[in-house]
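One structure is given below, encoded as structure tokens.
The values are calculated or read from the model by the stated rules, or taken from the named source; none is laboratory data. All of these numbers come straight from a predicted model, not from anything done at the bench. Cβ coordinates were reconstructed from backbone atoms using ideal geometry, including for glycine residues, and neighbour counts include every protein chain displayed. Areas reflect the complete protein model, heavy atoms only, side chains present, ligands, DNA and RNA absent. Shrake-Rupley method; radii C 1.70, N 1.55, O 1.52, S 1.80 Å.
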Amino acid sequence: MSKKPRKRPVKRPGAGKRPSLAERADIHDLYQRSVQSPEADCEFFAETFAALRGRPALRLREDFCGTAHMATTWCKGHPERSAVGVDLDAATLEWGRVHNLAPAGPAVASRVTLIHGDVREASAPLADMTCAMNFSFCVFKARAELRAYFEAVRRGLREDGVFLAEIYGGTEAIDVLEEEREVGPHTYVWEQERYDPIDHSTTCHISFTMSDGSKIERAFSYEWRLWSLPELRELLLEAGFREVKIFWEEVGPDEDDPEMLRGTGTYVELRSLDENQESWLAYVVALA
Ligand SMILES: C[S@@+](CC[C@H](N)C(=O)[O-])C[C@H]1O[C@@H](n2cnc3c(N)ncnc32)[C@H](O)[C@@H]1O
């Protein structure tokens, strides 16, 4: 009697291999941990508004809100606060609902409204403060387009409202470069791929390298116009704001390399600067 050969299990290529950290990672979670510090931002916003207006700000509008990390943190800070987040990307908003709003609990989540729409068109109750973080408004590349956005911000603010927009610059901002920063177990990589001096357009990317060496290449990409501070001031005044102030991030010695300077996360109002900087962060603060 012939013996029937036993079928041997055949392994599919890659089967049983543990997925890499990059394959298992959540890019929104990595993004939030790498580039956002909403507690510090909310503290700065509340203090700046109170100093400028002599009353506390309660309603925040977070334009380009993405996962609404900032809007949620704002509402966590005080039971009378409310927030509106506006973003074009429905999937990112949904991620924010699940990972930021829901864990914050119903008492906080019920005070955050998310609007899926364009920041130039979305209508919401008038805000005390509107913010545009992480240079998001640079998506508007023509003067008329950016002014139309600033006009929409102005219309959406209360009479004594304040707009805070985050911007970067410096001699390095127009270089082609790649910068790495360790954030806990992963490395955040900021890449400036291209800059065109004729129209100031720039292409930038965010990548992540995980502790097992696996990578998420260009998880986020941006096509921006790198606006200068005088251009922003002029456009905000043209859009109807009464006054524009610049709050500059102070720099201090880097803990790891005292020869190098690093942003301290503290912002002070400046009218001029004696020395140019290789890279800087600032808030443009426009008063309605
Ligand atoms: C750089 S992310 C900013 C995310 C987050 N607010 C932060 O501070 O890191 C830019 C966001 O702007 C959104 N966006 C781009 N153009 C927009 C527009 N015209 N109206 C509303 N959202 C827009 C994108 O969907 C994306 O989520």
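At-a-glance table
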quantity: Separation of alpha-carbon centers, region 76-125 and region 220-252, rounded to whole Å; calculated: 25 Å
quantity: Candidate residues LYS245, LYS76: accessible-area rank, largest first, probe 1.4 Å; calculated: LYS76, LYS245
quantity: Order of exposure, largest accessible area first, which applies to HIS186, HIS99 with probe 1.4 Å; calculated: HIS99, HIS186
quantity: Within the chain, helix-based [θ] at 222 nm, where runs of 4 or more DSSP H residues each add -39,500 (n - 2.57), nearest 500; calculated: -7000 deg cm²/dmol
quantity: Between helix 143-155 and the chain: long-axis angle, C-alpha atoms, 0 to 90°, nearest 10; calculated: 70 degrees
quantity: Per-peptide average of other Cβ atoms within 10 Å, ordering 41-47, 192-198 highest first; calculated: 41-47, 192-198
quantity: Region 134-206: C-alpha gyration tensor shape, a/c 1.5 cut-off, then a/b vs b/c; calculated: oblate
quantity: ASP175-ALA148 pseudo-label distance in nm [points 7 Å out on the Cα-to-Cβ vector]; calculated: 3.7 nm
quantity: Percent RCO, i.e. relative contact order, over the chain, from Cα pairs under 8 Å lying at least 6 residues apart; calculated: 15 percent
quantity: The chain - accessible surface per residue (Å², probe 1.4 Å); calculated: 55 Å²
quantity: Straight-distance crosslink candidates among aspartates and glutamates, where the alpha carbon sits under 19 Å from LYS17 and sequence neighbours closer than 8 are dropped; calculated: ASP212
quantity: Residue-wise HN-Hα coupling along region 251-266, computed from phi with Karplus coefficients 6.51, -1.76, 1.60 (Hz; x: Gly, Pro); calculated: 10, x, x, 5, 4, 7, 9, x, 6, 9, 9, 9, x, 8, x, 9
quantity: 0 to 90° range, to nearest 10: angle between helix 229-238 axis and the chain longest Cα axis; calculated: 60 degrees
quantity: Cα gyration tensor shape for the chain, rounded if a/c is under 1.5, else prolate or oblate; calculated: prolate
quantity: Heavy atoms of THR130: accessible area, 1.4 Å probe, square angstrom to 10; calculated: 0 Å²
quantity: Candidates ALA40, ALA127, ALA57, ranked by Gaussian network fluctuation over the chain, Cα under 10 Å, top entry; calculated: ALA40
quantity: Burial order of peptide ranges 265-274, 85-94 (average beta-carbon count within 10 Å, highest first); calculated: 85-94, 265-274
quantity: Carbon/sulfur fraction of accessible area - the chain, other protein chains in place, 1.4 Å, %; calculated: 51 percent
